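Presented below is the structure to which this report refers.
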Amino acid sequence: MNIHSTDFELFGVPMQFAQDSAVLDARWKELQREAHPDKFAAQGAAAQRLAMQWSVRINEAYQRLKNPLKRASYLCELHGAPIHAEHNTAMPPDFLVQQMQWREALDEAETLQDMDEIASQSLASMRKQLSKIEQTLDARKDYAAAAHQVRSLMFIERFASEVDARIDQLGQ
């Protein structure tokens, strides 16, 4: 293992958006077994500290690879198209209109059924955006365009979280 490897290299998976979660899970367990600090107890404290650092590195890589949004962001960054979500919030006009419509619907929603409909719409939009991201990253290799799509997905996920919070409030 090389500490400077990409997460994909570390996990021995293709550098692409589409990933098999079962493969990632199995590889994570395998890597954790290899790097577990208890395996290095006889080699002293320095070896255990190094194993702990590896364990942290493996966990961080796993968290990035298993989450589609983090994985897409990571791929964009690796290919010179960082997301810069905190500085770049420009969105296409049609996306902004959709966001405004969702927000209005959320403000007007009074029943659990209303909220479920909004949640369903945002989930469908999220799935559609993930499909676009996969196509843009894996088939077209257009990392700059994917970075824009990732920023849109971030907005959608944030909105979906707000909807879930409102559903929880209504359910109480």
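Since every read-out is calculated from the coordinates, none of them should be taken as a lab result. All of these numbers come straight from a predicted model, not from anything done at the bench. Reconstructed Cβ throughout: ideal geometry from the backbone, glycine too, with neighbour counts over all protein chains shown.
Mind checking the full-extension length gain between Met52 and Glu108? Use 0.36 nm per residue of separation minus the Cα-Cα distance, one decimal, nm.
15.1 nm
Restricting to Cα atoms and excluding each atom paired with itself, what does the Kirkwood estimate give for the chain in Å? Write out the running numbers ahead of the final one.
Details: mean 1/r = 0.0544 Å⁻¹.
One over the average 1/r among Cα pairs gives 18.4 Å for the chain.
Can you give the FRET efficiency to the nearest 0.05 for Asn67 and Asn2, using r as the Cβ-Cβ distance and R₀ = 25 Å?
Numbers: r = 23 Å, r/R0 = 0.92.
In this case the efficiency is close to 0.60.
Using only alpha carbon pairs under 8 Å that are at least six residues apart, calculate the relative contact order of the chain and give it in whole percent.
Working: 139 pairs, mean separation 40.2, N = 172.
That works out to 23 percent.
Using DSSP to define loop residues, name the GluC sites (Glu not before Pro) in region 93-172 whose beta-carbon has at most 15 other beta-carbon atoms within 10 Å.
Numbers: sites: Glu104, Glu108, Glu110, Glu117, Glu134, Glu157, Glu162; in loops: Glu110.
When the GluC sites (Glu not before Pro) of region 93-172 are filtered for loop state and at most 15 Cβ neighbours within 10 Å, Glu110 remain.
Would you mind computing the Rg to Rh ratio of region 93-171 from its alpha-carbon coordinates, Kirkwood style for Rh? It would help to have the intermediate numbers written out before the result.
Numbers: Rg = 14.1 Å, Rh = 13.3 Å.
The Rg/Rh ratio comes out at 1.06.
Using only DSSP helix segments of four residues or longer, with each worth -39500 (n - 2.57), what per-residue ellipticity at 222 nm results for the chain after dividing by its residue count and rounding to 500? Could the numbers behind the result be given before it?
Working: 7 runs with 121 residues, N = 172.
Mean residue ellipticity, 222 nm, calculated: -23500 deg cm²/dmol.
Could you give the spread of the C-alpha atoms of region 7-66 along their three principal axes, from largest to smallest, in whole angstroms?
40, 15, 15
Given contacts defined as C-alpha pairs under 8 Å and at least six residues apart, what's the relative contact order of region 1-94, whole-number percent?
Working: 62 pairs, mean separation 24.6, N = 94.
Rounded, it is 26 percent for region 1-94.
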